[in-house]
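**Q** Take this structure first; my questions come after.
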Amino acid sequence: MPRVTPASPARPAAEMPAAGLRAFARTWLLGALLPVYLLTTFVGTFARVDGDSMDPTLTSGDLLLLLKYPRWLHAWGLPTPYPRRGDLLIFKAPADSPYAFERVWGIQHRPYNVKRVVALPGDSVAIRDGILVVNGRALAESYASEGFIGDQNAQILPPGKLWVMGDNRRIGASLDSRAYGLVDLKDVAGPANFRLWPRPGLVGR
C-alpha cells in the first residue's frame, strides 16, 4: 500500500514577519554594529572635555579625536612613537588613588581624564622653585598657564609609567600626577591631539 507523507501545516502568517525581522537583524544590524565596534575599539573615537584643568589649551565642551590605534600598536610590540612627551592623553587615574572614582547618579565609576604627558618611562622629573625639570633641564612650557607649582623631589619613572599634568597651573585647578602619582601606560586610552570642535585643528604643542 503506498505510503503517504502528511503535508506540513502551513506556517501562520504572523510568524513570517518575525522570521524576516530576525534575519534582517542578523544580516544588517549585526553586520553594521561589528565594524563600528572594531572602529571605536581599535582605531579611534570622540572625547569631550569636561572641566578647566587644561585651560588655556582646552576648554570645557571641546570635542577631541581620541586615537586608539597607537595604544594597540604599542601593546602588540609594533613600531610607534607613542607615547610622546607633550602629547595630550586620555587615561584613567591610578585605581589605588582616592581620585580614581566618582559617583554619578548613585553609580560609582572610574572616569577618563585628559592631561599632558610631561615625562616618559626612564625620565627624571622634579619641580624646583615652581619650575618643571625633566632630565635635569627646565621644561619650556609655553602652553601652561601662570600659577603656583609646589616643589617635588626628583624621581626616575619606571617602565610603563608616565607623569602627567594639566596645563592649568592655578592652585587646585588640576588633579594630576602631583596628586595621584604616576599613571600606568595600561590605563591610557590613547592620544587626543586634534580638536574637532569648536576650533578644529591640532592642539597641545
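The values are calculated or read from the model by the stated rules, or taken from the named source; none is laboratory data. Bear in mind that the values here come from a model prediction, so they are computed numbers and not experimental data. Every residue, glycine among them, receives a Cβ derived from its backbone with ideal geometry; neighbour counts consider all protein chains shown. Protein only, heavy atoms only, side chains kept; ligands, DNA and RNA dropped before computing areas. Shrake-Rupley method; radii C 1.70, N 1.55, O 1.52, S 1.80 Å.
**Q** Let me spell it out: the conditions are (1) open to solvent by 70 Å² or more (accessible area, probe 1.4 Å); (2) among the basic types (Lys, Arg); (3) over 19 Å from residue 193 (Cα atoms), and residue 110 meets all of them except one. Which number is the exception?
**A** That leaves (1) as the condition not met.
**Q** Could I ask something else about it? Given (1) touching a Phe, Trp or Tyr at 6+ places or on another chain (Cβ under 8 Å); (2) under 15 Å from residue 89 (Cβ atoms), where does residue 179 come up short, assuming only one miss?
**A** Of the numbered conditions (1) touching a Phe, Trp or Tyr at 6+ places or on another chain (Cβ under 8 Å); (2) under 15 Å from residue 89 (Cβ atoms), the odd one out for residue 179 is (2).
**Q** Looking only at residues that are at pLDDT 95 or above and assigned to a strand (DSSP E or B) in region 115-131, which one is most open to solvent (accessible area, probe 1.4 Å)?
**A** Going through region 115-131, the residues at pLDDT 95 or above turn out to be 115-126.
Remaining after also requiring assigned to a strand (DSSP E or B): 115-119, 124-126.
Working: 115: 9, 116: 0, 117: 1, 118: 1, 119: 0, 124: 36, 125: 3, 126: 6 Å².
Checking each candidate, the answer is 124.
**Q** Select from region 65-86 the residues that are in a helix (DSSP H, G or I) and open to solvent by less than 20 Å² (accessible area, probe 1.4 Å) and list them in ascending order.
**A** Here is the first cut: in region 65-86, the residues in a helix (DSSP H, G or I) are 69-75.
Across region 65-86, the qualifying residue is only 70.
**Q** Among the candidates 62, 96, single out the residue that is charged (D, E, K, R) and surrounded by fewer than 11 Cβ atoms within 10 Å (Cβ to Cβ).
**A** Working: 62 fails: surrounded by fewer than 11 Cβ atoms within 10 Å (Cβ to Cβ).
Answer to the selection: 96.
**Q** Same structure, new question: Taking region 143-159 on its own, how many of its residues are farther than 29 Å from residue 59 by Cα and under 26 Å from the mean Cα position of the chain (by Cα)? I'd like the intermediate steps shown before the answer.
**A** Of region 143-159, the ones farther than 29 Å from residue 59 by Cα are 153-159.
Still in the list and also under 26 Å from the mean Cα position of the chain (by Cα): 155-159.
Matching residues across region 143-159 total 5.
**Q** Against the definition (buried (at least 16 other Cβ atoms within 10 Å of the Cβ) and under 22 Å from residue 51 (Cβ atoms)), how does residue 169 come out, yes or no?
**A** Details: buried (at least 16 other Cβ atoms within 10 Å of the Cβ): yes; under 22 Å from residue 51 (Cβ atoms): yes.
Judged against the criteria, residue 169 is a match.
**Q** Could you tell me whether residue 61 is more than 14 Å from the chain's Cα centre (by Cα), part of a loop (DSSP other than H, G, I, E, B) and closer than 17 Å to residue 191 by Cβ?
**A** Numbers: more than 14 Å from the chain's Cα centre (by Cα): yes; part of a loop (DSSP other than H, G, I, E, B): yes; closer than 17 Å to residue 191 by Cβ: no.
So residue 61 does not fit the description; no.
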